[in-house]
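Here's the structure we're looking at; comments come further down.
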Amino acid sequence: MSKFFANLTLVMIAGLVLTVIVILLPDSGYTVAPGAHAGEANGLFLSLLQWLHVFFGITWIGLLYYFNFVQTPVMPTVPAELKPGVSKYIAPKALFYFRWGAAFTVLTGLMLAWAYDELVQALTLQPGVRLIGIGMWLALIMAFNVWFIIWPNQKKVLGFVTADDAAKAKAAATAGIASRLNTLLSIPMLLCMTNMR
């Protein structure tokens, strides 16, 4: 049993199999995406896309909260000899899932809006889809911060890009501000994302 749980790939596959079982259970209450008829390929695609959007969103925002509520506040208390363990092993992996979680959350969100024929209306904040549009704009700003402010500066902090101590300190401050801005924006963005159709 411990070998199974030590293998993340097997755990993820088992989770997907369990998800399919839950969907197929008689009278499970599972319904395909709103606006689509049960059993239609389009409805199943929309349901899968919506599920992926939430999955990637949890990955992205979960790591955003990990960085802001755990890693950043705790790092000053970590003994100097242990800090390289975080900066060399944990942070790079967490930042990988963080930035790709952001990219795939935005991508699946845009695909959902397009599939519902609401992309332009949402992005132009038209009535009826204004809340979705606000969420999309907040997510786009946050994803921009991840890819063009946080990640380039974190590469300096982590030593992936050559930088002196002053440049690293400035990069850490810049990444920290962008990360805190994303934390602030995530609160209304999550309200928009979880607004049921």
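The values are calculated or read from the model by the stated rules, or taken from the named source; none is laboratory data. From a predicted model like this one, the values you see are computed outputs, not experimental measurements. When we count neighbours, we look across all protein chains shown, and the Cβ atoms used for this are built from the backbone with ideal geometry, even at glycine.
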>> From the list 180, 99, exactly one residue is of a type in the set (D, E, K, R) and surrounded by 17 or more Cβ atoms within 10 Å (Cβ to Cβ). Which is it?
In response: 99
> If only one of 84, 127 is farther than 30 Å from residue 17 by Cα and assigned to a helix (DSSP H, G or I), which one is it?
Replying inline: 84
>> Can you pull out every residue in segment 101-124 that is under 28 Å from residue 65 (Cα atoms) and either among the charged types (D, E, K, R) or under 16 Å from the mean Cα position of the chain (by Cα) (or both)?
In response: 101, 102, 103, 104, 105, 106, 107, 108, 109, 110, 111, 112
> So which residues in segment 118-153 are crowded, with 19+ Cβ neighbours inside 10 Å and within 30 Å of residue 173 (Cα to Cα), if there are any at all?
Replying inline: 135, 136, 138, 139, 142, 143, 145, 146, 150, 153
> Does residue 154 fit the bill of being assigned to a helix (DSSP H, G or I), in contact with a Phe, Trp or Tyr (Cβ under 9 Å, 6 or more places away or on another chain) and not hydrophobic (A, V, I, L, M, F, W, C)?
Replying inline: yes
>> What pairs come out if I take residues in segment 83-94 that are surrounded by 12 or more Cβ atoms within 10 Å (Cβ to Cβ) and pair them with residues that are small (Gly, Ala, Ser) whose C-beta lies under 8 Å away, six or more apart or interchain?
In response: 87/159
> Just one of the numbered conditions (1) at pLDDT 90 or above; (2) out of contact with any Gly (no Cβ under 6 Å at 6 or more places or on another chain); (3) not aliphatic (A, V, I, L, M) is not true of residue 60; which one?
Replying inline: (2)
> Restricting the search to segment 161-197, which residues are more than 20 Å from the chain's Cα centre (by Cα) and in contact (Cβ under 8 Å) with a residue 60 or more places away in the chain?
Replying inline: 197
